[in-house]
Amino acid sequence: MSIYELLGANKDYLKNKKAIIFDMDGTLIDSMPYWTNAAGEDLTKYENFAQYLSGKYSTVVEPKPHAFEFLHLLHDNGIPFCIATDTAKWLSRGFFDRYPELNELIEFYIDCEDVGTTKRKSPKIYGDAAERLGFSPAECLVFEDHKHAVIAATESGFDVVGVYDLVNAGNAEEIKQYAVDYINDFSEMMK
């Protein structure tokens, strides 16, 4: 089944899409408040910020609403997808340990260490992800929550669906200028 046949009601941008590239933090999982330390937690009790974040992935970070339901729908219908994120796999490993099904669903996980740069500096991760999926940028749809990433992917020839995240909500209007769609959660993508 094609992505358009599966999800296409009123979404013409899905025509000719064959694969999906997902950002992780702020898009599939609700981890951005920890990246920004929105709770104002005392970080001095940790050796470093990576230890703090790793602990959060291992204990409290949760999937965004309807994200896993959406991933299961894609997987069950043969739609290939991956995670392309600036977050190194070793840092988020605790989340994958808590949700091992995610490893079964995704084709692969590609991070900034794999491509040698971050999304802020280069859109390389999107091109590498599309190539590994076996499709051109025009055949892939990207889901992103952060303004700079949405712009980078768009300027590299990808159609992008912006995803609401509280931490990046202040940039929603600018994201909408670049994105082909903007969703509050993944239930909006399912029929």
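Laboratory data are not the source of any read-out in this text; all were calculated from the coordinates shown. As the structure is a computational prediction, the values presented were derived from the model and not from experiment. When we count neighbours, we look across all protein chains shown, and the Cβ atoms used for this are built from the backbone with ideal geometry, even at glycine.
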- What angle do you read, to the nearest 10 degrees and between 0 and 90, between the alpha-carbon axis of helix 124-133 and the longest principal axis of the chain? 60
- Query: Under 18 Å from the Cα of Lys121, which aspartates and glutamates turn up, not counting those fewer than eight places away in the same chain?
  - Reply: Asp23, Asp25, Asp86, Asp111, Glu113, Glu144, Asp145, Glu155
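Taking the Cα centre of the chain as the origin, how large is its charge dipole in debye, to the nearest 20, when only Lys and Arg (+1) and Asp and Glu (-1) carry charge on their Cβ atoms? List each step's numbers first, then the result.
Numbers: 18 positive and 32 negative charges, 48 e Å.
The dipole of the chain has a size of about 220 debye.
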- Note on the structure: Flagged as over-length at 32 Å C-alpha distance, from Lys15/Lys56; Lys17/Lys56; Lys11/Lys56; Lys56/Lys119, the pairs are Lys15/Lys56; Lys17/Lys56; Lys11/Lys56
- Total formal charge among the other residues, if their Cβ is under 14 angstrom from that of Asp12, Lys/Arg +1 and Asp/Glu -1: 0
- Message: Net charge around Lys89, counting only other residues with Cβ within less than 10 Å of its Cβ (Lys, Arg = +1; Asp, Glu = -1)?
- Response: -2
- To the nearest 10 degrees, the tilt of helix 67-76 (Cα long axis) against the first principal axis of the alpha carbons of the chain is 40
- Message: Between helix 89-98 and the chain, what is the angle of the helix's C-alpha long axis to the longest principal axis, kept within 0 to 90° and rounded to the nearest 10?
- Response: 80
- Message: Under 5 Å between amide hydrogens, which residues at least 5 positions from Tyr182 or on another chain qualify, with H placed 1.01 Å from N in the peptide plane?
- Response: Gly162
- Pull out the extension gain between Trp35 and Glu62, defined as 0.36 nm times the separation in residues minus the alpha carbon to alpha carbon distance; nm, one decimal. 8.3 nm
- Message: Taking a ≥ b ≥ c as the square roots of the Cα gyration tensor eigenvalues, with a/c under 1.5 meaning rounded and otherwise prolate when a/b beats b/c, else oblate, which class fits the chain?
- Response: prolate
